[in-house]
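Below: the structure, in structure tokens.
The values are calculated or read from the model by the stated rules, or taken from the named source; none is laboratory data. These numbers come from a predicted model, not from an experiment. As a convention, Cβ positions derive from the backbone with ideal geometry for all residues, glycine included, and neighbour counts pool all protein chains shown.
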Amino acid sequence: MVTAYRPDCLHEALRIREETGAIPLAGGTDLMVAKKRRAGISTGFNEPVVFIGGLTELRAVSMDGMLRIGSAVTFADLLADSVIPDIFKNVFLEIASPAVRNRATIGGNVCNASPAGDTLPLLYALDASVVLERVDGKRILPIDEFITGPGETRLQKKEILIEIRLPPADLNTFFYRKIGTRRGYSCSKASFFGSARLMEGRLEEVRMALGSVAPTVVRTKEAEKRLMGKKDRDLEILVPEVVAIYEKIITPIDDQRSTACYRKNVSLRLIRHFLNEHVLPEMRRQTKQ
């Protein structure tokens, strides 16, 4: 028998979390799978559960210069929200099935901390941070510090992830690709999110993040800095050098979905494709204007 709590407000949920160590559960699409056992046997929760998916405080989306997304907002609600940029929605549409998107939450996707988490390359590339609250206060961590490994985070026993924040980003070129066994309803073999700011044919800023190819999302600011400020001819020369940097830090594994060799090969191709087929043509178009 699993002990479960259904609080009426966030303060009550935080008190329950502190006093009992109850596991926060919003949509449960990851957690219930992780805790499942054989048919007819109770789920494998060794701790109580506190349901937070219905808490009003965790279901808000707002933009006040910074985009703030409550941790219990479902992907279906994010897709319907006019505040959410279209490029985000392109990512969210690739997540599982409509039925799962009706239940799954962005906070659950982050806290699950899977290397294949569909939102993570986007959140890493856009410098997202997470807000963690407990009864006696809050703290904010960059997402790349919050997630420490597969299924591992810095969430403390008395805390609940309440919000994901994304700072403003002056970017005008975006590219996202998820590689799976089929177009929809599948876990990613590899994923890539790239974004850039192009001004008058110059690459002012670039960000690239890859999922499913290492214990955590791969993003290297060293490689990004080498490309910043470059014109098209310089960028064309630097692409192989940047790919070589990623080749050293991409460390995929073999599993039931794919092989390490395939993951590494396709990831490096995605980097080349983004730079050569999306960034360079737009730089050249701007130069001719």
Kindly provide the set of residues from the stretch 140-172 that are surrounded by 13 or more Cβ atoms within 10 Å (Cβ to Cβ) and either of a type in the set (Lys, Arg) or without any contact (Cβ under 8 Å) to a residue 12 or more places away in the chain (or both), ordered by number.
Arg154, Lys158, Arg165
Are there any pairs with C-beta distances below 9 angstrom linking a residue in the stretch 179-199 that is surrounded by fewer than 19 Cβ atoms within 10 Å (Cβ to Cβ) and at pLDDT below 75 to a residue that is not acidic (Asp, Glu) and not in a loop (DSSP other than H, G, I, E, B), with the two at least 6 apart or on different chains, and if so which?
Tyr185/Val100; Ser186/Lys178
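Take Thr105 and tell me if it is of a type in the set (Ser, Thr, Tyr) and at pLDDT below 95. Give the steps one after another, and end with the answer.
On the way: of a type in the set (Ser, Thr, Tyr): yes; at pLDDT below 95: no.
In short, no.
Out of the residues in the stretch 234-288 that are part of a loop (DSSP other than H, G, I, E, B) and either surrounded by 14 or more Cβ atoms within 10 Å (Cβ to Cβ) or not assigned by TED's automatic domain parsing to the domain that holds Lys221 (or both), state the one that is modelled with the lowest pLDDT. Steps first, answer last, please.
The initial filter retains those residues of the stretch 234-288 that are part of a loop (DSSP other than H, G, I, E, B), namely 250-259.
In the following step, the residues that additionally are either surrounded by 14 or more Cβ atoms within 10 Å (Cβ to Cβ) or not assigned by TED's automatic domain parsing to the domain that holds Lys221 (or both) were identified as 250, 252-253, 257-258.
Numbers: Ile250: 97, Pro252: 96, Ile253: 94, Arg257: 86, Ser258: 93.
Once the filter is applied, the top-ranked residue is Arg257.
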Do you know which residues across the stretch 12-36 are under 13 Å from Arg134 (Cβ atoms) and free of Cβ contacts under 8 Å to residues at least 24 places away in the same chain?
Glu19
Considering residues of the stretch 224-233 that are in a helix (DSSP H, G or I) and surrounded by fewer than 16 Cβ atoms within 10 Å (Cβ to Cβ) only, the residue farthest from the chain's Cα centre (by Cα):
Arg233
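It is to be established whether one or more residues within the stretch 204-223 are farther than 30 Å from Gly149 by Cβ, crowded, with 17+ Cβ neighbours inside 10 Å and either in the same structural domain as Phe146 (by TED's automatic domain parsing) or touching a strand residue (DSSP E or B) at 6+ places or on another chain (Cβ under 7 Å) (or both). Talk me through it step by step, then tell me what you get.
First pass over the stretch 204-223, keeping only residues farther than 30 Å from Gly149 by Cβ: 204.
Okay, now just the ones that are also crowded, with 17+ Cβ neighbours inside 10 Å, so none.
No, there is no match, as no residue in the stretch 204-223 is farther than 30 Å from Gly149 by Cβ, crowded, with 17+ Cβ neighbours inside 10 Å and either in the same structural domain as Phe146 (by TED's automatic domain parsing) or touching a strand residue (DSSP E or B) at 6+ places or on another chain (Cβ under 7 Å) (or both).
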